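Shown next, in structure tokens, is the structure this report addresses.
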Amino acid sequence: MIGKRIWCIPKSEIQFYCFVLISRMLIFSKDIAIFVYFSHNSFYLQVDLNRAGVPLLEIVSEPDMRTGIEAAEYAAELQRLVRYLGVGNGNMQEGSLRCDVNVSIRPIGQSEFGTKVEIKNLNSFSSVSRAIDFEISRQALLHSQGRGDEIVQETRLWEEGAQKTVTMRKKEGLADYRYFPEPDLPGVSLTQEFVDNIRNSLPELPEMKRRRYENMGLSMQDVLFLANDINVAEFFDATIAKGSDVKLAANWIMGDIAAYMKIEKLTINEIKLTPQELSELIASIKGGTISGKIGKEILFELLTKGGTVKGIIEEKDLVQIADPLEIEKMVDKVLSENPKQLEQYRGGKTKLQGFFAGQVMKMSKGKANPGLLNKILLEKLNAKS
Amino acid sequence: MLCTMQPPRSLSRFPSNPIFLLRHHTSLKTLSSLSSHPVTDSTLTGQSQSHSSQILKARHALLSRQLTATQLAESFLTRLRLTEPSLRSFLHVSDTVLRQAQDLDDRIGRNEEVGPLAGVLVAVKDNICTSDMPSTGGSRVLEGYRPPFDATAVRKIKELGGIVVGKTNLDEFGMGSTTEASAFQVTANPWDISRVPGGSSGGSAAAVSARQCMVSLGSDTGGSVRQPASFCGVVGLKPTYGRVSRFGLMAYASSLDVIGCFGSAVADAGFLLHAISGHDTLDATSSKQEVPDFTSHFTSINLLESKPLKGLRIGLIRETLDEGVDTGVTTAIRGAASHLEELGCSVSEVSLPSFSLGLPAYYILASSESSSNLSRYDGVRYGNQVAADELNALYGDSRANGFGHEVKMRILMGTYALSAGYYDAYYKRAQQVRTIIQKSFKAALDEHDILISPASPSAAYKIGEKKNDPLAMYAGDIMTVNVNLAGLPALVLPCGFVEGGPVGLPVGIQMIGAAFDEGKLLKVGHIFEQTLKDCRFVPPVIDDDIDVAS
């Protein structure tokens, strides 16, 4: 696992400042250990040294971001990147991806940055966003009160409970680390061939995927949802590869499937439904073999138990009734069983058409082709008037 | 003819070891299958000179069954025991030497294949890690430390059949030029035990000089192989930076450190270098450059033409013969230059204007790197810990207690040079000087095949003479530090004597080559050594009969 920790340094500030984004440096490092807390009451803390030597990549951004949400989105995109590339799970709670932020503010028109304050203990993108916004306000308030000199170079902790930052330690200046080029790590010259091989082996990255989905005609909401999780995106791609309609596939995944995953707390790789069967399901509805309503029933079956669309249709006898004679029989039966309502309908209460349609559908156990049903029903209802 | 002084042979010596007189008339079976090393022993035939290869002689004696490995080992161990009380070159002597020798004899007895270094007794500088012996780096902070692994160079020697005799004394972590900065003992120069053997690899140089072992490993950050080689009258080879893996060498200044070789003959330094060279995945700075057989072009003296080095362009570095260099040394080097001319070389003076900048640049860079490298000795990860109430005191007290004066001074200098506000004036400037020095050497070596200079401005001085004058001691490194800054290979071999001590003191000539051109240095050195008349670089402290297979 490589990408373990992302430092982004957004020198955030209030609306009257401005920056540009490029990545400043990559730092290869290695992890040393992780603290393991047993319980909040425990006096003891264990140090898990099994991470010693695990490679770690630090990415330091330029001071380009102006708001908390921008910085959080930058970090989220890096998380998508490490997940797409399969270099790490990018999980912030587990510490597989960490993010420290630096915040400085300056008055409009000033070219040099203000004093930089580092914030640690950010365990989610939302805390990244909120901590930055809090820190911007804190520093802006100090400036507005003429207490700008109280902003010092330090490391502050984000306290999730209190929703504020507090001083953790005052920091030494950068040069006092006495950095110099590490002679035991010579420069690495990468051959063009090596670079080309890496480039050619790259999967489709989040940004490319989003552009592709956009060009398929999907809405921005659909694009963001599908491309957010590499596994969802792969499921979607596999489904449409079987020929499914793009919009229909997106709707199924974002609708019933996403809802099921959320309730059951499952990832898309853990559900029993396969892209192959989702594609079958969409095709069966489109082809008229089953109704949309039946389709939802089958989907639930597929999500929980697996199996094939064809198998479930046969097993449960769910094939749509599309034989006009059979439907006509059912319509006749419903009309004869409800003479009172028929009389009312013919007396002008045409709204009762829905009632009759519902009765026929109930009789067919939902299998009657709705279009055919309505056509025949209307003919019969209006026949003797 | 060049050696104006010849050590008289009448000084008190340790008695001759009877084992050398032993002859074993076991069947002289052909053991050609064992000759896995391509070098022939033609260079040795009929010779019993001080410069003939101990490795080849040992090999010849073993394979012809004139001697057993046990007898060989015993003879060296006996001499070691006799000389050690006055020399103190070893911090630790292995107690498994005879057992390893016996194992080897058993294998030879069964006609099994043995490695090219079979039975070769190697001493290893104590800043090079050995898993079966303590490795202290000459420091209290690592007293009793036993690494769980062998340095790559040591592993290779063992794999080829070499037997590690023991660990040799050094200036703490290689920081010093006299071996007086060892935390444990002061080593004496075998030519005059009131004098220093040089440093920091003083133990390894003295051990080879006194024939306590056949060859030895040292390390060279600013001259720590070459200057003691010169002081002790042995051959010292500093390879190109990256030629030998530094894995298992306790880091002093990582961009300058190299493991080097000592031998009593050029051939032995060549054999040893060949054994330990090559890329190592455990050292990212070790070179993937091909390792040629450095000794395959050696020619026996009997086969040499009258001008064997005809056409070779030698540059005598003008700045190394300036004031501040003992006249005896200058005379010896000029004599060596004319000797090279007689061998057919064209010798001209070459100027390296940046030469004098090397010393300050070296002491800034080496100290800076050491201040970082030595931070690992915190009493927690390695070695000795001083009990303390809290963590910072534990670090501080362990270091205060563990490090010697010279090491502390260099850590402080390095820390200062890297500090905010001084970085540009010191570290950065020194790096710029380093680049200039590299360029000037490159230019000089484009015009010349080999550059020559003294290995040190003086011969060995008295113990204690410069102990309280570090600047005078540092100044003694002027001849060697530039070569480390440029990362080039250099060979030091004895070329003459100056007055001093009971029988005179040896002087070494330094031959500097282009990167990875150790082969040329060894070839020239080999011819130089064989044709140098009337010089016998065997110190008076030992018996003169050192030819084990005579």
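The values are calculated or read from the model by the stated rules, or taken from the named source; none is laboratory data. Computed from a predicted structure; not experimentally measured. All Cβ positions, even for glycine, are placed from backbone atoms using ideal geometry, and neighbour counts span all protein chains on display. The accessibility values were calculated without ligands, DNA or RNA, using every heavy atom of the protein model including side chains. Shrake-Rupley method; radii C 1.70, N 1.55, O 1.52, S 1.80 Å.
How much of the accessible area of the range A:204-316, in percent, comes from carbon and sulfur atoms when a 1.4 Å probe is used?
Carbon and sulfur together cover 54 percent of it.
At 1.4 Å probe size, with every protein chain present, just tell me what the per residue accessible area of the protein assembly as shown comes to in Å².
Counting only protein heavy atoms, the per-residue value for the protein assembly as shown is 45 Å².
Sorted from largest to smallest, which semi-axis lengths in Å does the alpha carbon gyration tensor of the range A:80-226 give for its equivalent ellipsoid, taking the root of 5 times each eigenvalue?
In descending order the semi-axes read 36, 26, 17 Å.
Can you give the convex hull volume per residue for the Cα atoms of the range A:277-361, as a whole number of Å³?
Given the Cα convex hull of the range A:277-361, per-residue volume reads 112 Å³.
For labels at A:Arg346 and A:Met208 in the simple 7 Å Cα→Cβ model, what's the distance in nm?
The answer from the label model is 6.9 nm.
Using only atoms on other chains, find how many Cβ atoms lie within 10 Å of each Cβ of peptide B:344-354 and report the average. All intermediate terms of the calculation are to be shown ahead of the outcome.
Values: counts 0, 0, 0, 0, 0, 0, 0, 0, 0, 0, 0.
Mean shielding count: 0.
Using all alpha carbons of the protein assembly as shown, what is the percent of pairwise distances in each 10 Å bin, ordered from the shortest bin to the longest?
Per 10 Å bin, starting at 0, the Cα pair percentages come out as 2, 10, 15, 16, 13, 10, 10, 8, 6, 4, 3, 2, 1, 0, 0.
Need the full-extension length gain, A:Asp245 to A:Glu264, defined as separation in residues times 0.36 nm minus the C-alpha distance. One decimal, nm.
4.2 nm
Which value, to two decimals, describes the C-alpha radius of gyration of the range A:204-316 once divided by 2.2 N^0.38 Å?
1.04
For a quick check: with amide H placed at 1.01 Å from N, whose amide H comes under 5 Å from A:Val101's, ignoring anything fewer than 5 positions away on the same chain?
A:Ile119
Could you work out the mean count of beta carbons from other protein chains within 10 Å of each residue's beta carbon in A:182-194? Write out the running numbers ahead of the final one.
Details: counts 4, 11, 11, 3, 7, 0, 1, 0, 0, 0, 0, 0, 0.
Across the residues of A:182-194, the mean count of other-chain Cβ atoms within 10 Å is 3.
Which helices count as membrane-span-like in chain B under these terms: full DSSP H, at least 24 Å along the axis by C-alpha, Kyte-Doolittle mean of -1.0 or more?
B:69-87, B:429-447
Quote the relative contact order of the range A:324-383 in percent (integer), defining contacts as alpha-carbon pairs under 8 Å separated by 6+ residues.
Worked out over the range A:324-383, it gives 49 percent.
Could you grab the relative contact order for the range A:204-316? Cα pairs under 8 Å, six or more apart, rounded to a whole percent.
22 percent
What is the distance, in nm, between label points placed 7 Å from the Cα along the Cα-to-Cβ direction at A:Asn123 and at A:Glu328?
The two pseudo-label positions are separated by 7.0 nm.
B plus A alone minus the pair: what accessible area, both sides summed, probe 1.4 Å, in Å² to 100?
900 Å²
Given that compact globular proteins tend to follow 2.2 N^0.38 Å, what is the ratio of the alpha-carbon Rg of the range A:324-383 to that value?
Normalised by 2.2 N^0.38 Å, the Cα Rg of the range A:324-383 equals 0.99.
Would you mind calculating the relative contact order of the range B:408-550 from Cα pairs under 8 angstrom and at least 6 residues apart, reporting the percent as a whole number?
Relative contact order, the range B:408-550: 21 percent.
Using 1/(1 + (r/R0)^6) with R0 = 30 angstrom and r between the beta carbons of A:Glu337 and A:Asp256, what's the FRET efficiency to the nearest 0.05? Mind dumping the intermediate values first?
On the way: r = 35 Å, r/R0 = 1.15.
Efficiency at R0 = 30 Å is approximately 0.30.
How much of the accessible area of the range A:331-385, probe 1.4 Å, is carbon plus sulfur, in whole percent?
Details: 1800 of 3380 Å².
It is 53 percent, rounded to a whole number.
What order do you get for A:223-229, B:172-178 when each peptide is scored by the mean count of other beta carbon atoms within 10 Å, highest first?
Taking the mean over residues of other Cβ atoms within 10 Å, the ranking is B:172-178, A:223-229.
Which three semi-axes in whole Å describe the equivalent ellipsoid of the range B:280-390, each the square root of 5 times a Cα gyration tensor eigenvalue, listed largest first? Display every interim value, and only then the final one.
Numbers: eigenvalues 379, 119, 41 Å².
Those come to 44, 24, 14 Å.
Just add up the charged neighbours of A:Ala241: K/R +1, D/E -1, any other residue whose Cβ is under 15 Å from the Cβ of A:Ala241.
Overall, the nearby charge balance is -3.
So if the hydrodynamic radius of chain B is defined as the Kirkwood radius over C-alpha pairs, what does Stokes-Einstein give as its diffusion coefficient at 10 °C and 1.306 mPa s, in µm² per second? Walk me through the numbers on the way to the answer.
Numbers: Rh = 23.2 Å.
Answer, rounded: 69 µm²/s.
Across the residues of B:415-427, average count of Cβ atoms on other protein chains within 10 Å?
If you average over the peptide's residues, the count of other-chain Cβ atoms is 2.
What are the ³J(HN,Hα) values, in whole Hz, obtained from phi via the Karplus relation 6.51 cos²θ - 1.76 cosθ + 1.60 with θ = phi - 60°, for each residue of the range A:229-240 in sequence order, with x given for Gly and Pro?
Computed from phi, the couplings for the range A:229-240 are 10, 4, 6, 5, 4, 5, 4, 4, 4, 5, 5, 6 Hz.
So, with +1 on the Cβ of K and R and -1 on the Cβ of D and E, and no other charges, what is the size of the charge dipole of the range B:337-480 about its Cα centre, to the nearest 20 debye?
Value, rounded to 20: 420 debye.
Can you order the peptides A:250-262, B:478-490 by their average number of other Cβ atoms within 10 Å per residue, highest first?
B:478-490, A:250-262
How long is the range B:399-511 along each principal axis, judged by its Cα atoms, biggest number first, in Å?
Sorted from largest, the Cα extents of the range B:399-511 read 50, 43, 20 Å.
Hey, rough spin-label estimate for B:Glu323 and A:Glu159, points 7 angstrom out along Cα→Cβ, what's it come to in nanometres?
Here the modelled spin labels are 7.2 nm apart.
Under the rule of at least 5 residues apart or a separate chain, name every residue whose amide H is placed under 5 Å from the amide H of B:Leu91.
Correct list: B:Lys167, B:Thr168, B:Asn169.
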